[in-house]
Amino acid sequence: MKLRKVTAASAVVLALAVTATACGSDNKKDSGSSGGDKKITVGIKFDQPGIGQKTPQGYAGFDVDVATYVAGKLGYKPDQIQWKETKSADRENALSRGDVDFIAASYSITPERQQKVDFAGPYLLAHQDVLIRADDTAIKSPADLNSKKLCSVTGSTSAQNVHDKLAPKAQLQQYPTYSACLTGLQNKAIDALTTDDSILAGYASQAAFKGKFKLGGFKMTNENYGIGVKKGSDLKAKINTALEAMVSDGSWQKAVDKNFGPAKYKNEPAPKIGNIVS
């Protein structure tokens, strides 16, 4: 009899434990729906003004605005988004490991990357360009970069591409950061800075540099920015639907104007989903 009482008590304890576990599972991260304490983790850049930047006030930039809109359409409020820095070299690994649910980080769609991850979008067509001083009238085409000091960050192929294909006599300068290149450009230590026009516009839009620089408008390459997801993820189709809605309701253009407008960035129209411009 005593044994039966102990067994019955144990059963009650077990039932309570199972109930508590079931209730606790409602707070798990879920990338398909929202509610309660559920979160979605989004990879962005933390150091690209106008694109993705961590600031004392929070996170800002075009990619942040796009990702926030997309997350909203997936059912997540802004306070349910966990922002995670994803450096360029680690983007594919972050997705394959499941560190993030999706990535919006000036992530150009390329055949090589498509073998490793899936892309929603594109949501922006950018181009390699140059940033020059606002009063510079000598650089009107890529050929004018010959004999000029052309800057890009250490490890970037942007300046080398210009040198190899368009201006073989350009004097390549490698600086540790884009901010250092901008300082050199402002001080006339260099003549031009090159990378994607969207990134250049983001830097030039900063209050400290407003009106001091201008984009060349050369469109030397096509960079189709996409939102990366894990290979085979059903988020791709959902994000594509969200991106289409962002364009149709005007939110996309508002985000472009807000983040790139001060640099007078002449953006391409919003690309159609799946249209990769080579």
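Key figures for this structure:
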quantity: Filter on Lys45/Lys165; Lys165/Lys231; Lys45/Lys266; Lys230/Lys272 - keep pairs with C-alpha separation over 32 Å; calculated: Lys165/Lys231
quantity: Protection proxy ranking of 191-200, 142-151 - average other beta-carbon atoms within 10 Å, highest first; calculated: 191-200, 142-151
quantity: Charge dipole (the chain, unit charges on Cβ, about Cα centre) - positive-most of Thr195, Thr221, Gly50; calculated: Gly50
quantity: Restraint check, Lys214/Lys258; Lys77/Lys210; Lys116/Lys169; Lys38/Lys258; Lys77/Lys219; Lys38/Lys236, Cα-Cα greater than 25 Å; calculated: Lys77/Lys210; Lys116/Lys169; Lys38/Lys258; Lys77/Lys219
quantity: Heavy-atom accessible area ranking, 1.4 Å probe, most first, across Thr86, Thr137; calculated: Thr137, Thr86
quantity: Which of Asp101, Asp90 is most accessible, then next, and so on - probe 1.4 Å; calculated: Asp90, Asp101
quantity: The chain: relative contact order in percent, alpha carbon pairs under 8 Å with at least 6 residues between; calculated: 24
quantity: Heavy-atom accessible area order for Arg113, Arg133, Arg97, Arg91, largest first, 1.4 Å probe; calculated: Arg97, Arg113, Arg133, Arg91
quantity: Placed amide H near Phe218: partners under 5 Å, 5+ positions off or other chain; calculated: Val130
quantity: Rounded tilt (10° steps) of 251-260 against the dominant C-alpha axis of the chain; calculated: 50
quantity: Heavy atoms of Thr221 accessible to a 1.4 Å probe, total area in Å² rounded to 10; calculated: 40
quantity: DSSP-defined antiparallel bridges as percent of all bridges, the chain, nearest 5; calculated: 60
quantity: Cα pair count fraction exceeding 36 Å, expressed as % - the chain; calculated: 26
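The values are calculated or read from the model by the stated rules, or taken from the named source; none is laboratory data. Predicted model only: the values in this text are computed from it and were never measured. Every residue, glycine as well, gets a Cβ built from its backbone with ideal geometry; the counts of neighbours run over all protein chains shown. Note: accessible area is taken over every heavy atom of the protein model, side chains too, but ligands, DNA and RNA are not part of it. Shrake-Rupley method; radii C 1.70, N 1.55, O 1.52, S 1.80 Å.
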